[in-house]
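Input: a single structure, listed below in structure tokens.
Just so it is clear, none of the values below were taken in a lab; they were calculated from the coordinates. Because the structure is predicted, anything quoted here is derived from the model rather than measured. Reconstructed Cβ throughout: ideal geometry from the backbone, glycine too, with neighbour counts over all protein chains shown.
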Amino acid sequence: MIRFRGQSAHTIDPKGRIIIPVRFRQMLEKQDNAGLMVSRMDKALVAYPYDKWDEIEDRILAQAEKSDAMRRFRRFFIGGATECPWDKQGRILIPPELRSYAALEKDIVLVGVTDHFEIWNRAKRDAEDALLEEEDMKKEEVRNEIAKLGL
């Protein structure tokens with residue numbers, strides 16, 4: 001089972017290519033993944049191994065809920081997804097529309113989130129961390145949820 005952990009600061013080149021950290025790539029290669037499925041969420045990008053992406057699509061398709069919001073989500077998330085194989089240097093090419101959505105211009109951060117990793121604009125990621133520390137962690141319901149994890 002693939003588990004992405006930690007974070008890495010990188011840059012995106014003018015053509016939109018980013019280097020996948022070796023530790024992430026090695027895990028993916030062990031399971032014969034030669035690239036990633038990349039989509040958009042929370043003003044960042046999410047990158048999944050191909051097999052995990054297939055599971056996500058199956059779960060989305062199996063949803064009994066056929067609300068307008070769920071249909072919009074499917075169009076947004078699945079419709080915005082792109083297959084991104086890596087090149088010989090371990091880079092993937094992020095399409096312009098995904099770069100624009102996540103405001104990926106130069107400084108980026110790749111953040112492991114267990115079954116996938118996220119690709120963030122560095123300044124936006126720093127703001128997310130600050131929001132957690134300055135606001136979320138002051139909320140009793142958030143502290144209680146974290147306490148339930150035994151942390």
(request) Output the relative contact order of the chain, whole-number percent, from Cα pairs under 8 angstrom with separation of 6+ residues. (result) 35
(message) I'd like the projected area of segment 75-131, averaged over all directions, using the convex hull of its alpha carbons. Report it in nm² with one decimal.
(response) 5.0
(request) For a footprinting-style exposure proxy, rank Phe73, Phe117, Phe4 by other Cβ within 10 Å, fewest first. (result) Phe73, Phe4, Phe117
(message) To make sure I understand, if each residue's beta carbon is the centre and we count other beta carbons within 10 Å, what order do Thr114, Thr82, Thr11 fall in, fewest to most?
(response) Thr114, Thr11, Thr82
(request) Find how much the distance from Thr114 to Lys66 grows on full extension, using 0.36 nm per residue of separation minus their present alpha carbon separation; answer in nm with one decimal. (result) 14.4 nm
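Nearest 0.05, what FRET efficiency do Met1 and Leu151 give at R0 = 22 Å with Cβ-Cβ as r?
0.55
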(request) Report the charge-dipole magnitude of segment 7-122 in Debye, nearest 20, computed about the Cα centre from +1 at each Lys and Arg Cβ and -1 at each Asp and Glu Cβ. (result) 340
(message) Please check: in the Gaussian network model of the chain (C-alpha springs, under 10 Å), which one of Glu29, Glu133, Glu83 has the largest mean-square fluctuation.
(response) Glu133
(request) Please give the contour-minus-distance gain from Phe76 to Met137: 0.36 nm per residue of separation, less the Cα-Cα distance, rounded to one decimal in nm. (result) 19.0 nm
